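The structure appears right after this line, and notes come after that.
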Amino acid sequence: MNALPTLAAALKKHHNSLLALLGSLSLLLYYFLSQQSPSPGAASINTTLNQFFVILALLFALLLGAVTVVRASLPQKNTLRLSLFIIFAGAFLFRMVLVGQSPWLSNDIFRYLWDGRLLDHGINPYTFPPAADELAQVRDAEIYPNVDHKNVHSVYPPVLQILFWLGLKTSELFALAPFAGLKLLFVLVDLGLVLVLFRLLAQMKIDPRWAILYAWHPLPIIEIAGSGHTDGLGAFTLILMTAFFLRQRFSLAAVFLALGFLIKFLTVMFLPFLAVAAWQEGGLKKAASTIAIFTLVILVCYAPFVMAGENLYAGLLVYSEKWRFNDSLFSLVFTPVHWLLPDELVKFLMIPAHWEISPQVYVTRRIDLALIIAKLIVGALFLFVYLRLLLRGIKSKILPQAAGHWFAILIIILAAFFLLSPTLQPWYLLWLLPLLCFKEGIPANASSSTLILSLWILSATVFLSYNVLANYLPSGLWHEPLWVRWVEYGIPCGVWLWAMRRSGMASTRFRRL
């Protein structure tokens, strides 16, 4: 009967020692992870993937243990500084261990380096795709062979292009592997995000130790320090935008929102909310200046690359039209649409009269039409959620006085966007993960409060999507096992339904933020 209180007391008394122990064990696992490098051949790749998933499961177990220790230690203030030091030291060491590892889960970083290489040679990275004959003299033996989609123009916005170049020069300056300098830059920004989380949580009267939910989470560590993805940079700008937004410094908020747009275009979704808040607090003039600053920053950053003309967005068009991977709700819409499309409609809408009609033409054009229709449907669903939130914000003037409501808006919009998207790469969730640290500041009656636990679980199960590499790396065949998505999304969905039922919000989930 007294075991639980005794355990809780022990956790509270020795919480920093336990945190240090759990961090040390995690560091050992990240070291093992850093040694992974699959050799060619299906057997080696399957072995490496199995080891990866085992290590990952252990890392999440240790993280849950650390979160339990943090919860037990609250609300102690006398040991807060030491706790934050341990959390930050762990975040630093975990990331640094992986910086030197050659990326194998994704080779996106080599496209980043290719774009940086073009910039270093004075070539606009948007002008030509990597396979263009005009770039034959720029190709090397280390970066170019690892670049995928060599016939597609760059999709990465200008701020990233500058960072790609800086990363390449950093590697040259310190005689590092080409990818290491770029990963180091991304890791430094990510560690800056951890420090900002400490401060912003404290400003919101939330214990800053909850930043451990991001700082020690395997997703940013593996995807940023391991694979070198850029979405952590976007998350950093989003959190900085929020910090200035909550202090009603709308001009600076607009600057960081624009920088986020110049990393990934999705941040434009938050511009109307920023403008509405500026209008509510400072009138139409303030709203107009906020929009103007956002626009000006984008124009200034795009100006050096504008000579690429329509090639500025050519790669983005290819991505938005064709690419699909690891989708959840989008798949539930696409599959029945694809099945139900009649051949005559496909022929009428998608096959020109002068084409030779073959079974293969029907197959590909049916998929294209189904993608178009499914995107229209999910686009309408997203627009419904988005406008509902925006109109409620206009009506109730919740921006920016209630900080928790702003985080609820961010979480709902990003979750809806990613879950309805035809593509969900694991690193996309880096945009959401820092926001989940603010659960304690979000009203208990908000729809997003029931989402947070399931989204956090999704940030773990999303790693299952890497099962696709079991076939792709040895054979080049991109095949997604069906069971992966059922497990990956089924577990978080089950938790969400349980949370909805438990909170009694199932019938009112759209009535409140």
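Values for this structure:
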quantity	calculated
Number of the condition not met by residue 66 [criteria: (1) within 30 Å of residue 144 (Cα to Cα); (2) part of a helix (DSSP H, G or I); (3) not polar (S, T, N, Q)]	(1)
Single residue of 355, 339, 427, 406 found to be assigned to a loop (DSSP other than H, G, I, E, B) and among the aromatic types (Phe, Trp, Tyr)	355
Subset of segment 163-179 [out of contact with any Lys or Arg (no Cβ under 9 Å at 6 or more places or on another chain), among the hydrophobic types (A, V, I, L, M, F, W, C) and either closer than 26 Å to residue 296 by Cα or surrounded by 19 or more Cβ atoms within 10 Å (Cβ to Cβ) (or both)]	163, 166, 179
Any chance residue 117 is under 22 Å from residue 184 (Cβ atoms) and charged (D, E, K, R)	yes
Where residue 96 falls short, out of the listed (1) farther than 30 Å from residue 207 by Cβ; (2) at pLDDT 95 or above; (3) within 24 Å of the chain's Cα centre (by Cα)	(1)
Filter result for residue 379 (at pLDDT 95 or above and either of a type outside the set (Val, Ile, Thr) or touching a Leu at 6+ places or on another chain (Cβ under 7 Å) (or both))	yes
Residue satisfying all of: in segment 245-294; outside any helix (DSSP H, G or I) and of a type in the set (A, V, I, L, M); nearest to residue 421 (Cα to Cα) among these	263
Residue 411 vs. criteria closer than 21 Å to residue 235 by Cβ, surrounded by 16 or more Cβ atoms within 10 Å (Cβ to Cβ), among the aliphatic types (A, V, I, L, M) and in contact with a Phe, Trp or Tyr (Cβ under 9 Å, 6 or more places away or on another chain)	yes
Neighbours by Cβ (under 7 Å, 6+ apart or cross-chain): first from segment 295-308, assigned to a helix (DSSP H, G or I); second of a type in the set (Gly, Ala, Ser)	297/258; 298/258
Which listed residue, of 128, 85, 53, is among the hydrophobic types (A, V, I, L, M, F, W, C) and crowded, with 18+ Cβ neighbours inside 10 Å	128
The listed residue being closer than 30 Å to residue 161 by Cβ, part of a helix (DSSP H, G or I) and at pLDDT 95 or above, out of 87, 109	109
Qualifying residue in segment 376-385 (condition: in contact with a His (Cβ under 7 Å, 6 or more places away or on another chain) and either closer than 30 Å to residue 407 by Cα or assigned to a helix (DSSP H, G or I) (or both))	no
Condition check for residue 108: in contact with a Leu (Cβ under 7 Å, 6 or more places away or on another chain), at negative phi and either of a type in the set (Asp, Glu) or without any contact (Cβ under 8 Å) to a residue 40 or more places away in the chain (or both)	no
From 219, 163, residue being farther than 30 Å from residue 72 by Cβ and touching a helix residue (DSSP H, G or I) at 6+ places or on another chain (Cβ under 8 Å)	163
Residue within segment 113-126 that is under 22 Å from the mean Cα position of the chain (by Cα) and among the charged types (D, E, K, R) present	yes
Selection status of residue 160, outside any loop (DSSP other than H, G, I, E, B) and buried (at least 21 other Cβ atoms within 10 Å of the Cβ)	yes
Single unsatisfied condition, residue 150 versus (1) over 30 Å from residue 91 (Cβ atoms); (2) more than 25 Å from the chain's Cα centre (by Cα)	(2)
Sole residue being buried (at least 20 other Cβ atoms within 10 Å of the Cβ) and within 30 Å of residue 273 (Cα to Cα), chosen from 404, 379	404
Subset of segment 411-424 (residues that are assigned to a helix (DSSP H, G or I) and within 22 Å of residue 224 (Cα to Cα))	411, 414, 415, 417, 418, 419
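Here is a yes/no grid of residues against (1) charged (D, E, K, R); (2) assigned to a helix (DSSP H, G or I); (3) modelled with pLDDT of 95 or more; (4) under 19 Å from residue 404 (Cβ atoms):
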site: 437; (1), (2), (3), (4): no, yes, yes, yes
site: 445; (1), (2), (3), (4): no, no, no, yes
site: 450; (1), (2), (3), (4): no, yes, no, yes
site: 453; (1), (2), (3), (4): no, yes, no, yes
site: 457; (1), (2), (3), (4): no, yes, yes, no
site: 462; (1), (2), (3), (4): no, yes, yes, no
site: 466; (1), (2), (3), (4): no, yes, yes, no
site: 474; (1), (2), (3), (4): no, yes, no, no
site: 478; (1), (2), (3), (4): no, no, no, no
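The rows are residues; the columns are (1) within 13 Å of residue 109 (Cα to Cα); (2) in a loop (DSSP other than H, G, I, E, B).
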| site | (1), (2) |
| --- | --- |
| 145 | yes, no |
| 151 | no, yes |
| 164 | yes, no |
| 170 | no, no |
| 176 | no, yes |
| 180 | yes, no |
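The values are calculated or read from the model by the stated rules, or taken from the named source; none is laboratory data. The model shown is predicted, which means the values in this text are computed figures rather than measured ones. Counting neighbours? That spans all protein chains shown, and the Cβs are built from the backbone with ideal geometry, glycine included.
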